[in-house]
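Here is the structure we will look at.
The values are calculated or read from the model by the stated rules, or taken from the named source; none is laboratory data. Computed from a prediction, not measured in an experiment: that's the story for all the values here. Here the Cβ positions follow ideal geometry from the backbone for every residue, glycine too, while neighbour counts run over all protein chains shown.
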Amino acid sequence: MKKFVKYIILFILPIILLAVLFEVLIRRIPNDYGYKKSYLDHHANEVSILFLGSSHVYYGINPKYIKSSFNASYISQSFDYDLEILKKYGNQWTHLKYIVIPVDYFSFYGRLENSPEAWRAKNYRIYYDINTDHKIFNSTEILSNKLDINLSRLYNHYLKGENDISCSSLGWGSSYKSINHKDLVKSGATAAARHTAKDNLQYPTNLHLLDEIIAFAEHKHIKVLLFTSPAYKSYVSHLSKKQLNTTLSTIKKLNTSHSTIKYFNLLQDSSFHAQDFYDADHLNEIGAKKLSLKMNVLLSKI
Amino acid sequence: MLFNSFSFAAFLPIVFILYWVLGKERLRSQNILLLGASYFFYACWDWRFMFLLIFSTLLDYFTGLKMTESKNGRSKKFWFWLSISINLGFLGVFKYYNFFADSFADAIANFGLQVNPWTLKVILPVGISFYTFHGLSYVIDIYKNRIPAEKNFIDYSLFVSFFPLLVAGPIERATHLLPQIKKARSFDYSKAIDGLRQILWGLFKKIVIADQCANYANMIFNHSGEYSGSTLLLGAILFAFQIYGDFSGYSDIALGTARLFGIELLRNFAYPYFSRDIAEFWRRWHISLSTWFRDYLYIPLGGSKGGTWIKVRNTFIIFLVSGFWHGANWTFIIWGLLNALYIMPSIVFNTNRSNLDTVAQGKTFPNLKEFAAIILTFGLTVFAWIFFRANSVQHAFNIISTIGSESFFSIPQILPVKLFLLLALFLLIEWNGRMEQYAIAKFALSWPKPVRWGIYYGLVLVIFFFAGAEQQFIYFQF
């Protein structure tokens with residue numbers, strides 16, 4: 001038995017040491033989550049307009065066009081993470097006047113942990129110090145990413161000098177360029193299918209989370225702007241009417257029951273055209289400028 | 001808790017250390033520990049189904065005792081049929097009720113009548129087919145006076161619920177496993193190392209072979225309408241490797257894990273894709289299920305006695321039941337019947353036992369005839385797998401008709417060259433180790449330790465390289 005234990009330790013030790021080394025090196029690579037946290041750590045008290053939500057806002061709103069704003073949204077970021085970000089800097093939002101949150105077709109029906117992007121949950125724990133679950137996977141880089149991905153990250157950073165930051169200094173995702181646009185017709189159908197829920201199990205939790213965000217804002221005398229992001233017609237035409245109507249009627253109810261919130265439905269806004277979209281449900285840099293300027297106008301109205 | 005998960009990687013060493021710390025002098029404590037660990041392992045799936053597992057265990061334990069205590073045949077028969085009917089009743093309700101209700105509604109609809117059958121909205125309790133078959137074999141063996149009833153409830157419960165085999169087999173027999181549970185077990189270094197080696201090979205089969213093949217096979221089968229005949233055939237071949245890597249990988253991990261605790265489980269796979277005919281394939285594929293059906297269905301039905309007609313009938317019955325065992329879907333039934341058809345010539349002409357040895361024994365390569373026989377058998381198996389994998393019978397026929405179209409002669413739309421190289425390497429290792437219980441059982445054992453360890457590190461590295469999200473094992477759904 002002693003011999004067995006000795007050899008097992010000898011065999012496993014190099015693997016563990018290598019894993020720890022990988023973990024340390026990967027964590028040192030600058031990335032969007034770490035950047036956003038660092039920005040908020042230092043500037044939360046200067047932000048007067050905060051954008052939260054998922055990729056629709058991350059790629060769709062460029063704070064460059066909106067004074068004193070910051071885009072804290074990220075890909076697949078659901079209401080639970082929005083709330084946690086708000087709570088994390090609770091006392092530092094000294095100048096915060098508006099919180100802007102997208103309430104899209106899928107917002108009430110999914111959460112990061114249940115999506116194909118669930119692997120991103122570790123970034124909130126590691127780089128944001130936000131824990132919404134207790135999975136061991138979400139505490140480490142090496143356990144939550146495939147080895148080849150991690151190896152290429154290490155290679156790109158330590159040998160090619162690249163980093164993982166893809167957002168602008170104010171948190172806008174700048175990688176969805178108009179020249180690389182996707183097939184709008186095809187992507188509309190696939191995105192709508194991906195966003196259409198099989199059940200409404202997450203609905204009550206998400207509604208409760210949005211309620212909490214609104215309550216947080218009311219407590220701090222912050223106004224909340226809810227909006228449904230613009231999308232291309234190929235996406236809209238494939239949406240489930242039932243899911244969409246439930247979402248819209250829920251927002252309507254919220255809108256009437258809270259004086260601090262204002263809602264704008266931009267889903268089929270006629271000012272957005274094919275050239276504004278990267279794919280059927282994400283704007284490119286041209287569309288992002290358009291939406292940001294529009295948002296500026298909408299914010300001035302409330 | 002999946003075998004290919006980090007939670008299992010934490011669970012196994014803890015149980016292993018506690019188990020051997022208790023030592024062989026404390027057999028009862030060791031068995032209690034293993035039983036507790038097994039229940040914990042099962043509860044990690046869904047604690048609610050624990051009650052079903054415990055009820056099934058209690059049922060067979062008590063009916064077993066009652067049968068042994070019975071003073072007359074009538075009473076014995078009563079307890080026997082009580083156990084059989086409740087066991088099969090549970091299996092029927094959880095696994096087959098919806099299938100029968102829907103099939104009945106479809107049949108009625110053909111006569112212009114509409115019925116809305118009441119269907120169950122429950123998930124299939126994981127491992128129910130496996131632990132029910134454990135219990136059935138135990139009860140049948142007692143009824144047939146092959147074994148006495150087990151009096152020790154802990155030992156019997158462990159026989160049913162031992163965690164390495166609980167959710168997907170191998171389907172054990174009381175005659176094989178219970179004596180091992182009751183006997184003091186001492187730590188054996190070489191067996192433990194062998195167990196770890198088999199676990200490593202099982203993980204390689206699952207994560208590197210099965211999961212990588214699954215990426216392509218799923219893509220092709222799930223969008224079969226978009227692909228050419230040649231691509232669909234490739235998808236079927238990749239599925240053949242997926243299901244083999246998945247299930248035999250699982251079995252390797254189960255056998256290796258049990259060996260760490262000093263327990264030998266029944267072998268489940270013996271290089272089935274190197275078989276020279278379908279009869280040999282079925283002696284090498286899911287062996288514990290094939291032999292279960294042979295011993296508890298085929299032989300009681302008359303087996304090979306009574307002439308060709310009886311043999312043909314019994315063979316069809318066991319393949320039909322085997323197909324049905326895999327799931328409540330017509331695709332599995334056709335898969336079973338197709339295999340029955342394949343094996344029929346060898347049953348009729350009495351050649352089903354002509355390939356009892358391992359192919360090309362003592363030789364490096366097979367001869368041309370053996371090679372052709374292996375390819376033909378593999379081809380037939382791949383064809384049958386189309387039904388096994390397809391979502392419906394219509395889906396399978398659509399795939400087959402596209403394979404039979406002109407597009408069969410086009411270059412496949414998907415050509416995963418890296419995966420082909422990986423499969424070639426895998427087949428080479430399997431071929432090289434085909435005389436052993438698992439492919440790397442004796443591989444490089446005589447080589448210097450640094451080289452051997454280098455190979456193991458290489459395997460670990462490849463496993464981590466390909467490891468992604470934990471993928472469920474296919475056979476958990478059965």
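With the requirement that a residue be assigned to a loop (DSSP other than H, G, I, E, B) and in contact (Cβ under 8 Å) with a residue 12 or more places away in the chain, what does the stretch A:185-220 give you? Lay out the reasoning, then the answer.
Quick first cut of the stretch A:185-220, residues assigned to a loop (DSSP other than H, G, I, E, B) only: A:196-202, A:220.
Of everything in the stretch A:185-220, those that are assigned to a loop (DSSP other than H, G, I, E, B) and in contact (Cβ under 8 Å) with a residue 12 or more places away in the chain turn out to be A:T196, A:A197, A:N200, A:Q202, A:K220.
Name the single residue that is nearest to A:S107 (Cα to Cα) among those in the stretch A:74-90 being outside any helix (DSSP H, G or I) and not β-branched (V, I, T).
Within the stretch A:74-90, the subset outside any helix (DSSP H, G or I) is A:74-78, A:89.
Add one more test, that the residue is not β-branched (V, I, T), and what stays is A:74, A:76-78, A:89.
Numbers: A:Y74: 13, A:S76: 10, A:Q77: 10, A:S78: 7, A:Y89: 23 Å.
Across the stretch A:74-90, the extreme among qualifying residues is A:S78.
Of all residues being over 18 Å from A:N206 (Cβ atoms) and either of a type in the set (G, A, S) or not in a strand (DSSP E or B) (or both) in the stretch A:64-73, which is nearest to the chain's Cα centre (by Cα)? Just the residue, please. So that I can check it myself, show each step before the final result.
Taking the stretch A:64-73 and keeping what is over 18 Å from A:N206 (Cβ atoms), we get A:64-72.
Next, only the ones that are either of a type in the set (G, A, S) or not in a strand (DSSP E or B) (or both) stay: A:64-69, A:72.
Numbers: A:K64: 18, A:Y65: 20, A:I66: 19, A:K67: 21, A:S68: 20, A:S69: 16, A:A72: 8 Å.
Across the stretch A:64-73, the extreme among qualifying residues is A:A72.
Tell me whether the stretch B:5-15 contains one or more residues that are in contact (Cβ under 8 Å) with a residue 60 or more places away in the chain, of a type in the set (S, T, N, Q) and buried (at least 18 other Cβ atoms within 10 Å of the Cβ). No, because not a single residue in the stretch B:5-15 is in contact (Cβ under 8 Å) with a residue 60 or more places away in the chain, of a type in the set (S, T, N, Q) and buried (at least 18 other Cβ atoms within 10 Å of the Cβ). Of all the listed residues (A:V185, A:V224, A:V236), the sole one being touching a helix residue (DSSP H, G or I) at 6+ places or on another chain (Cβ under 9 Å), under 30 Å from A:L299 (Cβ atoms) and surrounded by fewer than 18 Cβ atoms within 10 Å (Cβ to Cβ) is A:V236.
So which residues in the stretch B:445-478 are aromatic (F, W, Y) and modelled with pLDDT of 90 or more? Give the derivation first.
Residues of the stretch B:445-478 that are aromatic (F, W, Y), as a first pass: B:447, B:453, B:456-457, B:464-466, B:473, B:475-476, B:478.
Within the stretch B:445-478, B:W453, B:Y456, B:Y457 qualify.
Can you name the condition, by its number, that B:L421 falls short on among (1) surrounded by 14 or more Cβ atoms within 10 Å (Cβ to Cβ); (2) closer than 29 Å to B:A254 by Cβ; (3) more than 14 Å from every other protein chain (Cβ to nearest Cβ); (4) out of contact with any Lys or Arg (no Cβ under 8 Å at 6 or more places or on another chain)? Failed condition: (1). Just one of the numbered conditions (1) in a helix (DSSP H, G or I); (2) within 14 Å of chain B (Cβ to nearest Cβ) is not true of A:Y39: (2). For the stretch B:387-436, a residue qualifies if it is within 30 Å of B:R267 (Cα to Cα) and among the acidic types (D, E), and the qualifying residues are B:E430, B:E436. Applying the criterion of being within 13 Å of chain B (Cβ to nearest Cβ) and at pLDDT below 80 to the residues of the stretch A:120-136, the residue that is surrounded by the most Cβ atoms within 10 Å (Cβ to Cβ) is A:K135.
Return the only residue of B:F11, B:F16, B:F51 being assigned to a helix (DSSP H, G or I) and away from chain A (no Cβ under 14 Å).
Values: B:F11 fails: away from chain A (no Cβ under 14 Å); B:F16 fails: away from chain A (no Cβ under 14 Å).
Checking each option against the conditions leaves just B:F51.
For the residues B:A192, B:A109, the requirement of being of a type outside the set (S, T, N, Q) and within 14 Å of chain A (Cβ to nearest Cβ) singles out B:A192. Filtering the stretch B:437-463 to residues that are within 28 Å of the chain's Cα centre (by Cα), of a type in the set (S, T, Y) and away from chain A (no Cβ under 11 Å) leaves only B:Y438. Restricting to the stretch A:43-62, name every residue that is within 15 Å of the chain's Cα centre (by Cα) and over 13 Å from A:I101 (Cα atoms). Matches in the stretch A:43-62: A:Y59, A:N62.
For (1) basic (K, R); (2) surrounded by fewer than 15 Cβ atoms within 10 Å (Cβ to Cβ); (3) within 14 Å of another protein chain (Cβ to nearest Cβ), each residue gets a yes or a no:
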{"position": "B:V21", "(1), (2), (3)": "no, yes, yes"}
{"position": "B:L34", "(1), (2), (3)": "no, no, no"}
{"position": "B:K66", "(1), (2), (3)": "yes, no, no"}
{"position": "B:S70", "(1), (2), (3)": "no, no, no"}
{"position": "B:W81", "(1), (2), (3)": "no, yes, no"}
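Test A:K198 against the criterion of being surrounded by fewer than 17 Cβ atoms within 10 Å (Cβ to Cβ), within 14 Å of another protein chain (Cβ to nearest Cβ) and under 21 Å from A:S54 (Cβ atoms), and give yes or no. Judged against the criteria, A:K198 is a match. Whenever a residue of the stretch A:137-154 is facing another protein chain (nearest Cβ under 9 Å), its partners that are hydroxyl-bearing (S, T, Y) and surrounded by 16 or more Cβ atoms within 10 Å (Cβ to Cβ), lying with C-beta atoms within less than 8 angstrom and at least six residues away or across chains, give the pairs A:F137/A:S144.
If B:Y296 satisfies all but one of (1) surrounded by fewer than 21 Cβ atoms within 10 Å (Cβ to Cβ); (2) closer than 16 Å to B:Q198 by Cβ, what's the number of the condition it fails? Just one mismatch for B:Y296, condition (2). Selection over the stretch B:301-355 of residues that are within 19 Å of the chain's Cα centre (by Cα), of a type outside the set (V, I, T) and over 20 Å from B:D277 (Cα atoms) gives a count of 7.
For every residue, the table says whether it meets (1) of a type in the set (F, W, Y); (2) at pLDDT below 95; (3) under 17 Å from the mean Cα position of the chain (by Cα); (4) surrounded by fewer than 22 Cβ atoms within 10 Å (Cβ to Cβ).
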{"position": "B:Y131", "(1), (2), (3), (4)": "yes, yes, yes, no"}
{"position": "B:K144", "(1), (2), (3), (4)": "no, yes, no, yes"}
{"position": "B:S157", "(1), (2), (3), (4)": "no, no, no, no"}
{"position": "B:L165", "(1), (2), (3), (4)": "no, yes, yes, no"}
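Residues are listed down the side, and each one gets a yes or a no for (1) assigned to a helix (DSSP H, G or I); (2) within 14 Å of chain A (Cβ to nearest Cβ):
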site	(1), (2)
B:D141	yes, no
B:A149	no, no
B:V160	yes, no
B:L165	yes, no
B:P170	no, no
B:Q212	yes, yes
